[in-house]
1. Of the residues THR59, THR49, which single one is over 18 Å from GLU213 (Cα atoms) and open to solvent by less than 30 Å² (accessible area, probe 1.4 Å)?
2. Taking the criterion of being within 25 Å of the chain's Cα centre (by Cα) and open to solvent by 30 Å² or more (accessible area, probe 1.4 Å), would at least one residue in region 362-372 satisfy it?
3. Please specify each residue of region 309-357 satisfying the condition of being among the β-branched types (Val, Ile, Thr), closer than 29 Å to SER234 by Cβ and open to solvent by 10 Å² or more (accessible area, probe 1.4 Å).
4. Sort out which residues of region 373-389 are part of a helix (DSSP H, G or I), of a type outside the set (A, V, I, L, M, F, W, C) and either within 25 Å of ARG320 (Cα to Cα) or not assigned by TED's automatic domain parsing to the domain that holds VAL225 (or both), and write them in order of number.
5. Assuming LEU354 fulfils every condition listed in (1) out of contact with any Cys (no Cβ under 9 Å at 6 or more places or on another chain); (2) under 24 Å from LEU394 (Cβ atoms); (3) in contact (Cβ under 8 Å) with a residue 40 or more places away in the chain apart from one, which condition is it?
6. Between residues in region 109-128 that are farther than 25 Å from LYS77 by Cα and residues that are open to solvent by 70 Å² or more (accessible area, probe 1.4 Å), which pairs lie under 8 Å by C-beta distance while being six or more apart or on different chains?
7. So, SER275, is that one closer than 25 Å to ARG408 by Cβ and either surrounded by fewer than 20 Cβ atoms within 10 Å (Cβ to Cβ) or of a type in the set (S, T, N, Q) (or both) or not?
8. I'd like to check something: does region 296-308 contain any residue that is assigned to a helix (DSSP H, G or I), open to solvent by less than 50 Å² (accessible area, probe 1.4 Å) and small (Gly, Ala, Ser)?
Amino acid sequence: MAAAAAECGEESWVLTATARSPTNIAVIKYWGKRDEALVLPINDSISVTLDPDHLSATTTAAVSPAFDRDRIWLNGKEISLSGGRYQNCLRELRRRARDVELKEKGIRIRGEDWEKLHIHIASYNNFPTAAGLASSAAGFACLVFALAKLMNLNEDDGDLSSLARFDPTIFFCPCCKGQEVHVAACMVDLSSGKWEMQDVKGNDSIAVQLANESHWNDLVILIAVVSSRQKETSSTAGMRDSVETSSLLHHRAKTIVPERILQMEEAIRSRDFTSFAQLTCADSNQFHAVCLDTSPPIFYMNDTSHRQGLLQTIINSVERWNQVEGKPQVAYTFDAGPNSVLIAPNRKVACLLLQRLLFYFPPHQDNDLTSYVIGDTSILQEAGLHSNEDVGALQPPPEIKDKAPHQRYPGDISYFICTRPGRGPMLLPEDQALINPVTGLPK
């Protein structure tokens, strides 16, 4: 934490804490709440936490006796803090807050003082907000983590994740952990990873780490960002409609997901990519089947015929490749948005995957390759792709028959992100704060 004294006197200090939290990709997905008031999901889920160097939220939380109200800025724009999710989260954090003392700064905050002090929050995502890349999860995870450090909470990351369920779009904070994370709808046993319903109020509903970031560090994730615009149907509204109208959703939650959770846990423990890929693809397809089974139907993947063609090309390419090889080479999954997440078991396969993706979706002629593939750009060199000319020289994938028609879509993908599994949230040094420690306002 950092503190600075302003010119107007000893009571004008500003205390800050800055954190960074990654986004995540659900491989077994939740969709819908079984309790709206307590914000409890209808089923368990498992997510892979991504490298925060490539996909993350950074949040600075600040407190000062000079602040006259709670305020928040997202990506430079001030938004309202009046919503229930923010107020519930702040109320619970203040209830758990402890004494903070910085003798060298002359600052002492008693636990009960937090109820009277106001908070400023500034948050920035380094990836599209509300486009189906779990930006809400990353942002709320980071908010909770930064405020917990500012308020000196005596909580571990799992306990903090229970606070993030006050965000109705995410329920929990899977980004409070690293790599594979199990988010349980009800009881989570921290020692064994078994999941049973015990607390109907959801007080023990938290994110639990199944494996750390080094457990399966061979995995490579490629994300095709088809669109950065906000979704036409928000996750909150979509979930509510599905719970009310989709019989498939309830069958899935009761019958399908419990077995898949156990199978995915085992696949992750044993690093069984074949099972991992099969489960990931099947669960993604069923999730979008639930969306179509909703009334009115939700079209996250195919809201336009043109976009539907792009996504079908991605899925068909992966399925054809997997079929020819006789086992899964790549897993695909789509969350509540059009952006495609493709997971390869290692760098060699990831290079072959990138070559296939760029064959079908080359950059526009005015788009430089290094701005078209971002994140871990070393994958370009490993795949032998140094320029747009190299992309133009790519041959059709070998699994395409000689006479099979194929279409290329230059410039129709906004960009690709190459990343890998990563660690959970971390505190950042003072010089990376988003709030000026003298004024208490965003820099």
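The values are calculated or read from the model by the stated rules, or taken from the named source; none is laboratory data. Given the structure is predicted, the values throughout are model-derived calculations rather than measurements. Cβ coordinates were reconstructed from backbone atoms using ideal geometry, including for glycine residues, and neighbour counts include every protein chain displayed. For accessibility, only protein heavy atoms count, side chains too; no ligands or nucleic acids. Shrake-Rupley method; radii C 1.70, N 1.55, O 1.52, S 1.80 Å.
1. When all the criteria are applied, what remains is THR59.
2. From region 362-372, those within 25 Å of the chain's Cα centre (by Cα) are 370-372; that's our starting set.
Keeping just the survivors that are open to solvent by 30 Å² or more (accessible area, probe 1.4 Å) gives 370-371.
Scanning region 362-372, I find at least one residue that is within 25 Å of the chain's Cα centre (by Cα) and open to solvent by 30 Å² or more (accessible area, probe 1.4 Å), so the answer is yes.
3. Answer for region 309-357, where residues must be among the β-branched types (Val, Ile, Thr), closer than 29 Å to SER234 by Cβ and open to solvent by 10 Å² or more (accessible area, probe 1.4 Å): THR313, ILE315.
4. The one that is part of a helix (DSSP H, G or I), of a type outside the set (A, V, I, L, M, F, W, C) and either within 25 Å of ARG320 (Cα to Cα) or not assigned by TED's automatic domain parsing to the domain that holds VAL225 (or both): GLU382.
5. Among (1) out of contact with any Cys (no Cβ under 9 Å at 6 or more places or on another chain); (2) under 24 Å from LEU394 (Cβ atoms); (3) in contact (Cβ under 8 Å) with a residue 40 or more places away in the chain, LEU354 violates only (1).
6. ILE109/ASP99; ILE109/GLU101; ARG110/ASP99; GLY111/ARG98; GLY111/ASP99
7. no
8. No, region 296-308 contains no residue that is assigned to a helix (DSSP H, G or I), open to solvent by less than 50 Å² (accessible area, probe 1.4 Å) and small (Gly, Ala, Ser).
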